[in-house]
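Heads up: the structure comes next, in structure tokens.
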Amino acid sequence: MSGGSIELSTLTPENEDKSFEFPREYDNEFGADEDFEIPSTIDFQGHTIFLGSRDVKRSIRLRLQVAVIVISFMIIGVADQSLGSVMEYLLSDYQTDRTHISYLFLCQAIGYMIASFGNNMVCQMMGLKGLYPVSLLIMALMPTAIYAKLSFTTLVSISMINGLGFGTLDCAMNLFVGGLKYSNQLLGLMHAFYGLGCFISPLFCTYLIHRGFAWNQYYLFILGLIAINFVGSIFLFSRETKWKYRYQLQQDCEKDESGEKLAFKTIITNKFIIFFSLCLFTYLGSELSMGVWLFNYLLNIHSFTDKSSSYVTSAYWIAFTAGRFFLSFITGHLFEDYETKAMVIYCTLVTIGTILFWLFNQVYLLMVCSICFVGFFVGPMFSTTVVIAMKTLPKKFSTAGVAVICGLGAMGSTVMPYLMGLIADSTAGGKGAGLVYFPLYEVVLFAAANMLWLAFFVKHKRTLDSYERLSCD
């Protein structure tokens, strides 16, 4: 019977087959680790939907889906870091300054904001089946425009659309992987590939330029990756329909004690969703500002060559990738169900690292070591935040709430680099001289994230210790 089709509305307490119940593991609760069996198909609102295993060890299809997702995050990493890698060529070819280049980040933030507000609605309209390939097509617009060297005004306009593609994909993939078994480890792996993309970007871009290729030809590489990923998304996510997403939303409401359906205003005004969004906003802004502006900081303030600058920048990203990969497993084993404590530890260590970077940036070896130290402990912070949100938010917020958190939080990765660009060109005499304040800027951002998590941990320690979900009262 497990492969049959059933009508949800016909189930009653007397005739309900208990083999179809979602165990605690599917409810993503603390410490659940039970065997389970669920039906392959069910009927929901007149549509047949497929419910496969959420355990990657049991499903080949799920493993392939995760593989496609991690490649998507590698592409996002390559694309995010690309502006930092070609910054000097953009400044030269477009005869502009860093303030105007920063508009590319700011307009992308607008796209992210639209995505965060509309992601839940788009998922209900399209499901991952439609959202995934459409997001990839949108992401292809910016590399195409830069390769074609369209006008700078056009680039600024397209960057907003680009942010929409990044934002919808980012939210949806975090939500999908966050709902799987071993979510801590899988999210760590997924975001490790983001770091891998950021690591590849400056090295490969510099290599191509030194081999005689034009700087804009690097974007053909990004377009090739997107094309491969697009094919995988079409074939592997055909079962992730809008009806399946709506069913999952309904399950969240039914598992919450109130059983109420959520209005969008209720989601975005919830104090815990605001808190998690603010944490991600600050953290992601700090992380990407470090990666994007580090290359230019070394090139302009310390007079490094472009090759040496790319090596140090890539060292930051490889440390970041290693941290996301290894610390996600350590978090999963040593801090299972107590990830908030891990976040406080990681944030504290990162703050110490940025202070060392600020104080000893004139000592080459200490500077590079502190940069790698920061990268390593920054690594797991995004994925751990998503896991904490999914485990501690009231159950009714688990799906729609996390989508909003990821979208609003990701805006930090565009706003904070933009602000650093303004500082670079408007302080210390301008024309990039303001990059001298870059280390202090990173200290302030990471210290702010540290204070947020420390305050949250202290205030809600009793609830976290008892493995309960947060109360909105």
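Bear in mind these aren't lab numbers, they're just calculated from the coordinates by the rules spelled out. None of these values were measured; they are calculated from a predicted model. When we count neighbours, we look across all protein chains shown, and the Cβ atoms used for this are built from the backbone with ideal geometry, even at glycine.
Peptides 361-373, 132-144 ranked from most to least packed by the mean count of surrounding Cβ atoms within 10 Å: 132-144, 361-373. Taking the number of Cβ atoms within 10 Å of each Cβ as an exposure proxy, the fewest-first ranking of Val436, Val378 is Val436, Val378. Descending by average beta-carbon neighbour count within 10 Å, the peptides 418-427, 215-224 line up as 418-427, 215-224, the highest first. Using only alpha-carbon positions in the range 60-465, the gyration tensor eigenvalues give semi-axes of 33, 25, 19 Å once each is multiplied by 5 and square-rooted (largest first). Here r is the Cβ-Cβ distance between Lys341 and Ala428 and R0 is 41 Å; the resulting FRET efficiency, rounded to 0.05, is 0.55.
Label positions at His210 and Arg462, each projected 7 Å from the Cα along the C-beta direction, are separated by 6.0 nm.
For the range 173-190, backbone nitrogen atoms closer than 20 Å to the point 7 Å from Lys57 Cα along Cα-to-C-beta are found at 177-190.
Sorting 443-451, 70-78, 388-396 by their mean Cβ neighbour count within 10 Å, with the most densely packed peptide first, gives 70-78, 388-396, 443-451. Bridgeable lysines around Lys149 (alpha carbons under 26 Å apart, same-chain partners fewer than 8 residues away excluded): Lys307, Lys431.
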